[in-house]
Amino acid sequence: MRSAIRTGALRGLPPSNPTSGPLHSGLRNLGGRTTRRLSIPPASGFHSKHRDCSEALATVAKLPDAEPVAPVAPRERITIADIKERRAKAGRLVAPTAAYSDADMFKAPSTGKPKAKRWDHHLTKESTLREPCKLKQAAKHLKTPGLISLGGGLPCPEYFPISSLSLHIPIPPNFSEAATLPPNGGEDVHIGKYDAATFGESKEYDLSIALNYSQATGSAQMTRFVTEHVELVGAAPPYADWRTCLTVGSTGALEQTLRMLCDGVGRRDSLLTEEFSFSTALETAAPLGIGVVGVAMDGEGLLPEAMDAVLSGWEVGERGGRRKPHVLYTVPSGQNPTGATQSEGRRRAIYEVARRHDVFVVEDEPYYYLQMQKPGVEPPTSVEAFLDGLIPTYTSMDVDGRVLRMDSFSKVVVPGSRMGWITASEQIVERFIRHAEVANQGPSGFSQVILHKLLDERWGHEGYLRWLMNLRIEYTKRRDVMVAACEELLPKEVVSWTVPQAGMFQWLKVNHTLHPHASTKSILEIEDEIFNSCIARGVLVARGSWFRAEHGTPPSGLYFRATFAAATPENMREAIRRLGEAIRESYQM
């Protein structure tokens, strides 16, 4: 073990057409997953697609030049008991300042599994030229008994002006603010400078370690937690050499990933994404010179047959000299901005198109754990049922190693932590680390030590999963308030929507063809009129045009995005009322 660690259907988007393309036959008959060790069925209504996927996979297999369809293997998931047993056998985690670690130290054995494919042909010159940081690599020698280090410029913790931190946190399962208020609710926890040395077995991480320099992978303590979490929720890839790496959040992780895989200037690379995509992702790609190609969507998000058509018909001359895209960026759950959620079958079909065209998939999942039940359906009450109801991830079906998944604590703990992680093949994670070593050097030590205290030391994996279950219930309530307000207060003659199955957003389509000045005003002019009227009335919604992947093409319709994440129920209703007034005024209703 090489380490310095020792162990002892969406209204507002076009409907899908079952006869419109070679991949679409049977796409709505996909689903069917199995999970090791669990016999609890998926919670009814947790998401809408729980069907057999054999028909669509057989269809994909008949495509010209298609690789053999990836087998639908059981989704492997370890248990909390497995993690406790593994930790007990390993003994106390001793990972001092700048200790080297990687996820392989904390994974379940992968004997007999194949290795991921290599992706040298997709990497940019910038990425391939990156060399390991010599000072970071030298930290591997710190494990040598009796070694006196005069190598790394690590400041002496004696001169850190912060000797302790105190937190007041909820006690599972009582997560509400009211139940956490002192003096009777929640608990006070303390993080000292020298806890690891003072308390021995009971403390593994303290301020003397966290506030010093560390490896770009993040601390061994948090790497262990997120690696175990990946296996616990069934997101681990089916190949042997997968890894995790902490990030400074998914925005920074995406920028690094794009620079690893896309050369917008030299190779003239382009990026595939949904026709409406996360605006910050588009703004990340633009200054890198990366072209963006929007793929048509329906109620389940990105259409695999549309993606196949774009790639199969790609002509460099017609695309301004740009190469055929080899990277897909997608938000599969509660997609921002449309709120669409890809079913298991949709994900498998998209993955097979990616295999056919040798496309690398960037799976961005900030809303993965905010998958919601339908209105009126009871949520799962056990951790096992909650996990069993989650739609399988792209990484869990990735037989090639062509997926990089981005997770984040931003939407499910606190965005100010600026902390998340990626899961991908060893080769891809190694290149990612080389970039991080000379960019951000990993997430803040404050964030790492606080989240370790909260998630690992106090709550543990079960407590964190129960937090996610509670969060999902609370956001479902907020979604239902917004949906009810839309039903009551928006002019349904011109506005349509669907109930989102995940995430934080309600996507509203306004029928521009019914506008009294549709023949003389453009979609963008009508959008501008309604938006400005909203501001004048004291409500802010996001313009749909902000999220268009291809701004050089005419807009396909008039849309607005409303979030139910933060406003109170009363303010949410009032905001929707004001939006309805703005639309009625514009449409002279």
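Bear in mind that the values in this text are calculations on the coordinates, not laboratory data. Keep in mind it's a predicted model, so treat the numbers as computed, not measured. Cβ coordinates were reconstructed from backbone atoms using ideal geometry, including for glycine residues, and neighbour counts include every protein chain displayed.
The magnitude of the dipole of the chain, with charges of +1 and -1 set on the Cβ of Lys/Arg and Asp/Glu and taken from the Cα centre, is near 980 debye.
Computed per residue of the chain from DSSP H runs no shorter than four, each worth -39500 (n - 2.57), the mean residue ellipticity at 222 nm is -9000 deg cm²/dmol. The spacing between the stretch 174-209 and the stretch 564-586, judged by their C-alpha centroids, is 41 Å. Relative contact order, whole percent, for the stretch 477-586 stands at 40, derived from Cα pairs under 8 Å and 6 or more residues apart. For the peptides 177-183, 450-456, 257-263, residues were scored by their other Cβ atoms within 10 Å and the scores averaged per peptide; the highest-first order is 257-263, 450-456, 177-183. Taking the inverse of the mean reciprocal distance over all distinct Cα pairs, the Kirkwood hydrodynamic radius of the stretch 363-454 comes to 15.6 Å.
Electrostatic bookkeeping for Phe225 treats Lys and Arg as +1 and Asp and Glu as -1; over the other residues with beta carbon under 10 Å from its beta carbon, the sum is -2.
Among Val414, Val429, sorting on how many other beta-carbon atoms sit within 10 Å of each Cβ, with the fewest leading, yields Val414, Val429. Going through (1) 101, 56, 48; (2) 81, 61, 47; (3) 73, 57, 47, the figure that equals Cα extents along the principal axes in Å as computed for the structure here is (2).
Dividing the C-alpha radius of gyration of the stretch 175-333 by 2.2 N^0.38 Å, with N its residue count, gives 1.48.
Computed from the Cβ-Cβ distance with R0 of 56 Å, the FRET efficiency linking Glu430 to Ile535 stands at 0.70. Annotation: extensible slack from Thr513 through Glu158 equals 120.9 nm (criterion: 0.36 nm per residue apart, minus Cα-Cα distance). Near the amide H of Ser408, within less than 5 Å, lie the amide hydrogens of Trp421, all on another chain or at least 5 residues away, with H placed in the peptide plane.
Using a simple spin-label model with pseudo-atoms 7 Å out from Cα toward Cβ, Glu131 and Ile148 lie 3.0 nm apart. As a ratio to 2.2 N^0.38 Å, the alpha-carbon radius of gyration for the stretch 477-586 is 1.03. Near the amide H of His326, within less than 5 Å, lie the amide hydrogens of Ser270, all on another chain or at least 5 residues away, with H placed in the peptide plane.
Qualifying GluC sites (Glu not before Pro) in the stretch 309-360, where qualification requires a DSSP coil assignment and no more than 12 other C-beta atoms within 10 Å, comprise Glu315. Out of all DSSP beta bridges with both ends in the chain, state the antiparallel percent to the nearest 5. About 70 percent, rounded to the nearest 5. May I ask for the distance between the Cα centers of the stretch 292-329 and the stretch 374-390, given as a whole number of Å? The stretch 292-329 and the stretch 374-390 have Cα centres spaced 35 Å from each other.
Highest mean first, the peptides 187-194, 153-160, 272-279 sorted by other C-beta atoms within 10 Å per residue fall in the order 272-279, 187-194, 153-160.
For the modelled label position 7 Å from the Cα of Ala286 along Cα-to-Cβ, which residues of the stretch 510-547 have backbone nitrogen atoms closer than 13 Å? The answer is 545-547. Among Thr97, Thr128, a tally of other beta-carbon atoms within 10 Å of each Cβ gives an order, fewest to most, of Thr128, Thr97. Taking each of Lys113/Lys374; Lys203/Lys411; Lys140/Lys411; Lys117/Lys453; Lys84/Lys125 in turn, the alpha-carbon distance tops 31 angstrom for Lys113/Lys374; Lys140/Lys411; Lys117/Lys453; Lys84/Lys125. When the alpha carbon coordinates of the stretch 411-514 are projected onto the principal axes, the ranges are 55, 34, 24 Å, largest first.
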